[in-house]
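Presented below is the structure to which this report refers.
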Amino acid sequence: YTEGTPIPVTGVTLDADAGTIDIGATQTLTATVAPYEASNKNVTWSSSDDAIATVVDGVVTGVAEGAATITVTTNDGGFTDTFAATIVAAVPVTGVTLDAEAGDIQIGATQTLTATVEPAEATNKTITWSTSDEAIATIHVRDLLPLLHYVSDIGNLGYLGYCVLLLH
């Protein structure tokens, strides 16, 4: 290597080889160009089928069910790596239930509640826990709940489960 001489690219690798992406969801891929000191680390991205999956700056978006190959190509040397994208339809949440609907709890005690998302194979099982009055009861990190009223909202879809606990 002579100072001032461009350092050529010798390859590129992606941080993942394959993955499953829901329609409408995204997955970000990171391309690492070698060597680290390469002068031109610019890359271009492409999809084998934009009707199935698109890619912009490494962000793959699921468009329709099917399979597509995402390719990253170095501008210097044309080195490539690929990601096999399988695009699937998301399974929507149809409801949420709790293991209790009502109960009694002593002031200062805790109550553990378990939420079950329906169907079991739902894609987004994110649960948001809340209490109707934090001055009376709070929700703790591990879902230990001294509370008067509890609500669980799944995936921002408005499905609710609740349990009313009477404090004494």
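Given H placed on each backbone N at 1.01 Å, which residues far from Ala18 in sequence or on other chains put an amide H within less than 5 Å of it?
Ala84
If I model a spin label as a point 7 Å beyond the Cα along the Cα-Cβ vector, how far apart are those points for Thr97 and Asp49 in nm?
3.9 nm
Any chance you could run the full-extension gain for Asn42 through Gln106? It's 0.36 nm times the residue separation minus the Cα-Cα distance, nm to one decimal.
Here the segment from Asn42 to Gln106 would lengthen by 16.8 nm.
For region 82-91, take each phi angle, set θ = phi - 60°, evaluate the Karplus expression 6.51 cos²θ - 1.76 cosθ + 1.60, and give the result in whole Hz per residue in order, putting x for glycine and proline.
3J(HN,Hα) across region 82-91, in whole Hz: 10, 10, 8, 9, 10, 9, 10, 6, 5, 9.
Taking Cα centroids, how far is region 112-135 from region 35-59 in Å?
So the separation of the two Cα centres works out to 38 Å.
Under the classification rounded if a/c is under 1.5, otherwise prolate if a/b is larger than b/c and oblate if not, where does region 1-115 fall, given a ≥ b ≥ c as square roots of the Cα gyration tensor eigenvalues?
Note, shape of region 1-115 comes out oblate.
Read-outs throughout are calculated quantities, based only on the coordinates presented, and are distinct from any laboratory measurement. Keep in mind that this is a model prediction, so the values were computed, not measured. Every residue, glycine as well, gets a Cβ built from its backbone with ideal geometry; the counts of neighbours run over all protein chains shown.
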